[in-house]
Amino acid sequence: MNTFIIIVGYLAALCMVLGYLPQAIYTIRTRDTDGIAMPTFLLMGLGSVFFVIQGCLLGNIPLVVTNEITAVSSAIITGIKIYNDHFRKRK
């Protein structure tokens, strides 16, 4: 049973990273943030930070690593979004 739980954890980690990275890569390459809702990425990033904390407290490495990747991706996308929104309003 314990092996099954570990496998499920690693599969969840893989799905989260593979689901999140394409958006981050697209946004970094194109700088296109028009379709991104700021509250969504702020909340997702904050959720990832809390999961990192939980993973550290539980000693759950897949939870920590997965959410570090998604938190950094979210921070990058949010930064690009803020930059785009700020300078577009100036023009």
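Given Cα pairs under 8 Å that are at least 6 residues apart, what percent is the relative contact order of the chain? Let's see the in-between values first.
Values: 71 pairs, mean separation 34.0, N = 91.
Value for the chain: 37 percent.
Mean residue ellipticity at 222 nm from the helices of the chain, using -39,500 (n - 2.57) per DSSP H segment of n ≥ 4 over the full residue count, to the nearest 500 deg cm²/dmol?
Values: 3 runs with 80 residues, N = 91.
It comes out at -31500 deg cm²/dmol, rounded to the nearest 500.
Where nothing but the Cβ of Lys and Arg (+1) and of Asp and Glu (-1) is charged, how large is the charge dipole of the chain around its Cα centre, in debye to the nearest 20?
On the way: 7 positive and 4 negative charges, 101 e Å.
Around 480 debye, computed over the chain.
Counting only protein heavy atoms, what percent of the accessible surface of the chain is carbon or sulfur at a 1.4 Å probe? It would help to have the intermediate numbers written out before the result.
Working: 4590 of 6350 Å².
Using a 1.4 Å probe with all protein chains present, the chain comes out at 72 percent carbon and sulfur.
Provide the FRET efficiency to the nearest 0.05 for the residue 84-residue 56 pair, computing r from the beta carbons and using R0 = 35 Å. List each step's numbers first, then the result.
Working: r = 33 Å, r/R0 = 0.94.
Approximately 0.60, to the nearest 0.05.
In nm, to one decimal, how far is the modelled label at residue 34 from the one at residue 65, with both set 7 Å along Cα→Cβ?
The modelled label-to-label distance comes out at 3.8 nm.
So what is the orientation-averaged projected area of segment 35-82, using the convex hull of its C-alpha atoms, in nm²?
Working: hull surface 11.8 nm².
Result: a mean projected hull area of 3.0 nm².
How much accessible area per residue does segment 19-91 have, counting only protein heavy atoms and a probe of 1.4 Å, in square angstrom?
65 Å²
Any idea what the alpha-carbon Rg over 2.2 N^0.38 Å comes to for the chain? If you can, show how the numbers build up before the last one.
Numbers: Rg = 15.3 Å, N = 91, 2.2 N^0.38 = 12.2 Å.
With N residues counted in the chain, Rg over 2.2 N^0.38 Å equals 1.26.
The values are calculated or read from the model by the stated rules, or taken from the named source; none is laboratory data. Since the structure is predicted, the reported quantities are computational estimates derived from the model, not experimental observations. Please note: Cβ atoms are built from the backbone with ideal geometry, for glycine as well, and neighbour counts cover all protein chains shown. Just so you know, the surface numbers come from the protein's heavy atoms only, side chains and all, with ligands and any DNA or RNA stripped out. Shrake-Rupley method; radii C 1.70, N 1.55, O 1.52, S 1.80 Å.
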